[in-house]
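Written out below as structure tokens is the structure these notes cover.
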Amino acid sequence: MAQSSSKILIIEDDRKMSDALVAGIQADGYEVVAAGSAEEGFFLVHSERPDLLLLDLTLPQRNGLDILRQLRKDGTDLRVLILTSHNTVEDRVAGLNTGADDYLGKPFSFPELLARIDALLRRFLPSKETSTLSIGDLCLDRKARTASRGGDVLDLTAREFDLLLYLAENRGRTVSREMLARDVWREMSRFTPIDNVIDVQIARLRRKVDDPFSVKLLQTIRGLGFSLREPLP
């Protein structure tokens, strides 16, 4: 779900990729501007005042890391998500150390890209959200850190609540294990795989959230991850 009035700048020299990004992100409710070069991108950063930048690393004349270094040197208050085919561990570490807020390799899942955009904006922009969040008969209270379903309080551990809240904030979208490792477990490098830990926690959460109820909300999306959503009628 797009953050109200949020503007996103895309710096991507591949016209086909840029057009696809613009169309998909606009369809999710964001305002989008695009640049095909570093020079044009710098101009749009200062003229359009975007809230978030999607930055390709492979650009003509000047690469993406050079752009990022200059933005951080200038003190530009802008969230940056690197979107690139350069996706080794070393590439990711270099991007994050240079000042990126997030890093997503190509090829990528568009729902994951939208979820990461939404998470970055939610993290850094003033929140207008209420403390409560509902999906069907499932209700969460962010401030009280409690959850209930059908009026029955769910007995959740702190980790289970964090996991359920993250899924609820991305309701209807597929979240990958990589996203959960980074945003819930705070494992940025993934040097220590925790997929089995995530799967165990998902199974425990499902027993509490879904097993006692006829309508199942926590879905496993084969090969991609998990989604909290109401089933289609």
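Rounded to the nearest Hz, the phi-derived 3J(HN,Hα) couplings of the range 60-77 under the Karplus curve 6.51 cos²θ - 1.76 cosθ + 1.60 (θ = phi - 60°) are x, 6, 9, 7, x, 5, 4, 4, 5, 4, 5, 4, 6, 5, 6, x, 5, 7, where x marks glycine and proline.
For K7, the lysines whose Cα falls under 25 Å of its own Cα, not counting residues fewer than eight places away in the same chain, are K16, K73, K106, K128. Each label point was placed 7 Å from the Cα along the Cα-to-Cβ direction; for F108 and K7 their separation is 2.1 nm. Axis of helix 195-209 versus longest Cα principal axis of the chain: the two differ by about 40°, to the nearest ten degrees.
Calculated from the alpha-carbon coordinates, the range 46-105 shows an Rg and a Dmax of 10.9, 34 Å respectively.
What is the antiparallel percent of DSSP beta bridges lying wholly in the chain, to the nearest 5?
45
A simple rule links phi to the HN-Hα coupling: the Karplus curve 6.51 cos²θ - 1.76 cosθ + 1.60 with θ = phi - 60°, which for the range 22-31 gives 4, 4, x, 6, 4, 5, 8, x, 8, 8 Hz, with x for Gly and Pro.
Binning the alpha carbon pair distances of the range 68-175 at 10 angstrom intervals from zero yields the distribution 12, 34, 29, 19, 5, 0, expressed in whole percent.
Across the alpha-carbon set of the chain, the Rg to Rh ratio works out to 1.00, Rh being the Kirkwood radius.
Suppose a student asked you for the relative contact order of the chain, using Cα pairs under 8 Å spaced at least 6 residues apart; what percent would you report?
Working: 330 pairs, mean separation 30.7, N = 233.
It comes to 13 percent, rounded to a whole number.
Quick one: Kirkwood hydrodynamic radius for the range 147-222, alpha-carbon pairs, angstrom, one decimal? That comes to 13.1 Å for the range 147-222.
Any read-out appearing in this document is the output of simple, stated calculations on the displayed coordinates, not a laboratory observation. Worth saying up front: this structure is predicted, and the values here are computed from it rather than measured. Don't worry about glycine lacking a Cβ; one is built from the backbone with ideal geometry, like all the others, and counts go over all protein chains shown.
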